[in-house]
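In what follows, a single structure is set out as structure tokens and then discussed.
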């Protein structure tokens with residue numbers, strides 16, 4: 001089990017109903033973690049449309065969640 | 001002015017309106033014969049809808065990191081003396097300056113190219129999102145369409 005902090009931005013925050021939460025997860029990788037979170041919050045974004053970051057750097061979906069890390073699922077960006 | 005061996009590469013987020021003149025000044029170099037800049041403004045319409053203004057939200061830690069990577073890429077790819085980009089976060093009115101890119105170089109091609117590269121990459125990669133307000137309905141987050149059908153904003 002790893003304890004991670006999840007941050008939400010933009011429409012993902014609206015959908016999750018919070019901007020930050022701490023979760024205990026047994027997910028083997030970040031893809032599995034997203035599947036857990038998406039099911040719990042009813043997130044409609046398919047994982048293929050998102051990127052994921054861990055501790056302020058882009059990460060791979062196959063990376064395992066690190067104990068004590070901050071994980072962010074990143075929907076398509078619209079700056080500029 | 002400046003050291004020709006170390007081009008400036010800087011990316012910043014600004015939570016308030018900023019003045020362009022000192023940013024341009026910061027790109028002046030004795031070896032630079034060209035300067036190009038890009039300003040992105042908030043327009044009063046998008047996708048056929050009347051826009052009253054917008055809010056930019058950033059995941060700041062990663063936005064700064066990815067922005068820094070982009071300006072460093074521009075310095076590596078083009079023969080520039082300096083590249084600088086500032087992106088607003090927070091509330092912006094119609095006509096507000098959302099993003100500024102400036103590049104100085106010995107010759108104009110590199111200055112234009114670096115400017116174009118930075119704005120294109122910033123739009124595609126930096127974790128900043130627009131919450132657009134309309135004068136004819138509720139505001140919404142914008143997430144550009146990629147492959148496949150996007151979920152409706154909830």
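Throughout, read-outs are computed from the coordinates displayed, never taken from laboratory work. In this text, all values refer to a predicted model and were calculated from it rather than measured experimentally. Reconstructed Cβ throughout: ideal geometry from the backbone, glycine too, with neighbour counts over all protein chains shown.
Tell me the mean residue ellipticity at 222 nm calculated for chain B from its helices only (DSSP H runs of n ≥ 4, each -39500 (n - 2.57), averaged over every residue, nearest 500).
Working: 3 runs with 41 residues, N = 154.
The per-residue figure over chain B is -8500 deg cm²/dmol.
Angle between the Cα long axis of helix B:60-77 and the longest principal axis of chain B, 0 to 90 degrees, nearest 10?
That helix lies at roughly 40 degrees to the long axis.
Compute the separation of the alpha-carbon centres of segment B:69-123 and segment A:1-75 and state it in Å as a whole number.
About 31 Å separates the Cα centre of segment B:69-123 from the one of segment A:1-75.
At residue A:22 and residue A:60, where each label point lies 7 Å from the Cα along Cα→Cβ, what is the point-to-point distance in nanometres?
About 3.0 nm, to one decimal.
Given Cα pairs under 8 Å that are at least 6 residues apart, what percent is the relative contact order of chain B?
RCO, chain B: 32 percent.
Rounded to the nearest 0.05, what FRET efficiency do residue A:41 and residue B:139 give with R0 = 22 Å and r taken as the Cβ-Cβ distance? Could you check?
After rounding to 0.05, the efficiency reads 0.55.
If I model a spin label as a point 7 Å beyond the Cα along the Cα-Cβ vector, how far apart are those points for residue B:49 and residue B:69 in nm?
Each label point lies 7 Å from its Cα, and together they span 3.1 nm.
Given R₀ = 45 Å, FRET efficiency for residue A:3-residue B:37 by Cβ-Cβ distance, to 0.05?
With R0 = 45 Å, the Cβ-Cβ based efficiency is 0.45.
Using a Förster radius of 30 Å, what is the FRET efficiency between residue A:31 and residue B:20 based on their Cβ-Cβ separation? Nearest 0.05, please.
Numbers: r = 43 Å, r/R0 = 1.43.
Between residue A:31 and residue B:20 the formula returns 0.10.
With the crude spin-label approximation of a point 7 Å out along Cα→Cβ, what separation in nm comes out for residue B:107 versus residue B:76?
It is 2.3 nm.
Expressed as an acute angle from 0 to 90° and rounded to the nearest 10, what is the orientation of the C-alpha long axis of helix B:108-125 relative to the principal long axis of chain B?
It works out to around 30 degrees.
Other chains near A:49-58: what is the mean number of their Cβ atoms within 10 Å of each residue's Cβ?
4
What angle, in degrees between 0 and 90 and rounded to the nearest 10, separates the Cα long axis of helix A:30-41 from the longest principal axis of the Cα atoms of chain A?
It works out to around 60 degrees.
Residues of A:7-15, mean number of Cβ from any other protein chain within 10 Å of their own Cβ, rounded to a whole number?
6
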